[in-house]
């Protein structure tokens, strides 16, 4: 379970010595500029803000985890170069309907949704939910927590979401209004809708 800490002075807070993952409860919810500044000061930690305004701070990925993430993102980017839309890495944050700020491991926004944002919104944690996204379980993640996060994505407007568990060799497919589809060690996962024709080879993602 993540540790919980309270901080009134985030400007001088040091994360050194805290057991990760950790949840910080600021005196008030941070705005975009404050959250960006706090994230910059605490690189390379991964930081999200939940709907209650708490800061959820996670360790950076190990090298194998980083490889999995860039592999998925690169394949999605290649698809988008032909089919359109915008692809984002895990460093990109989105402000969702529930007012949380979240960063999926790889995500895609249609050109229509991206272009509907103002320049200021594109340069902040954009008020948008990716139509398609992928989350990859890391060694430091809780699978239960990540499954809850996947439900959160759908509740906030995602149309298709994949959760990849490299250790169990499983892919969970989430769609609005449907039961979760569970795929046991598939060779490929292909999207029929939202990002039609996007096909992800799985062999390189499994833990050996």
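Just want to confirm a number: the relative contact order over the chain, from Cα pairs under 8 angstrom separated by 6+ residues, in percent. Spell out each step's value before the answer.
On the way: 352 pairs, mean separation 25.8, N = 208.
After rounding, I find 12 percent.
Taking the 0 to 90 degree range and rounding to the nearest ten, how far is the long axis of helix 32-41 tilted relative to the main principal axis of the chain, both from C-alpha atoms?
Around 90 degrees separate the two axes.
So for the chain: antiparallel DSSP bridges make up what percent, rounded to the nearest 5?
Counting DSSP beta bridges with both partners in the chain, the antiparallel share is about 70 percent.
For the chain, with a Gaussian network of springs between Cα atoms less than 10 Å apart, report the residue from 149, 64, 29 with the top mean-square fluctuation.
Highest fluctuation of the listed residues: 64.
In degrees between 0 and 90, to the nearest 10, how far off the longest principal axis of the chain does helix 63-83 point, with axes built from Cα atoms?
60 degrees
Within 10 Å of each residue's Cβ, count the other Cβ atoms and sort 141, 119 from fewest upward. Don't jump to the answer; show the numbers that get you there.
Numbers: 141 18, 119 7.
Going from sparsest to densest Cβ surroundings: 119, 141.
For residue 140 paired with residue 59, estimate the spin-label separation in nm (one decimal), with each label point 7 Å from Cα along the Cα-to-Cβ line.
0.5 nm
Can you tell me how much longer the chain between residue 201 and residue 180 gets when fully stretched, taken as 0.36 nm per residue apart minus their C-alpha distance, in nm with one decimal?
Details: separation 21, 0.36 × 21 = 7.56 nm, distance 2.04 nm.
Fully extending the segment from residue 201 to residue 180 adds 5.5 nm.
What shape does segment 72-128 have by the C-alpha gyration tensor, where a ≥ b ≥ c are the square roots of the eigenvalues, rounded means a/c under 1.5, and otherwise prolate means a/b greater than b/c and oblate the rest?
On the way: a/c = 2.33, a/b = 1.37, b/c = 1.70.
Since a/c reaches 1.5 but b/c is at least a/b, the shape of segment 72-128 is classed as oblate.
Which angle between 0 and 90 degrees, to the nearest 10, do you get for helix 143-155 versus the longest principal axis of the chain when only C-alpha atoms count?
80 degrees
Tell me what the chain gives for mean residue ellipticity at 222 nm when only DSSP H runs of n ≥ 4 count, each as -39,500 (n - 2.57), the sum divided by the residue total, rounded to 500 deg cm²/dmol. Write out the running numbers ahead of the final one.
On the way: 5 runs with 53 residues, N = 208.
The per-residue figure over the chain is -7500 deg cm²/dmol.
Mind giving me the FRET efficiency for residue 188 and residue 28? R0 is 41 Å, r the Cβ-Cβ distance, nearest 0.05 is fine. It would help to have the intermediate numbers written out before the result.
Values: r = 46 Å, r/R0 = 1.13.
Rounded to the nearest 0.05, the efficiency is 0.30.
When the Cα centres of segment 122-169 and segment 33-80 are compared, how far apart do they sit, in Å?
Cα centroid of segment 122-169 versus Cα centroid of segment 33-80: 12 Å apart.
Working out 0.36 nm times the residue gap between residue 115 and residue 83, then minus their Cα-Cα distance, what length gain in nm do you get to one decimal? Working shown, then result.
Values: separation 32, 0.36 × 32 = 11.52 nm, distance 1.56 nm.
The span from residue 115 to residue 83 would gain 10.0 nm if fully extended.
Values in this text are rule-based calculations from the coordinates and carry no lab data. Computed from a predicted structure; not experimentally measured. Counting neighbours? That spans all protein chains shown, and the Cβs are built from the backbone with ideal geometry, glycine included.
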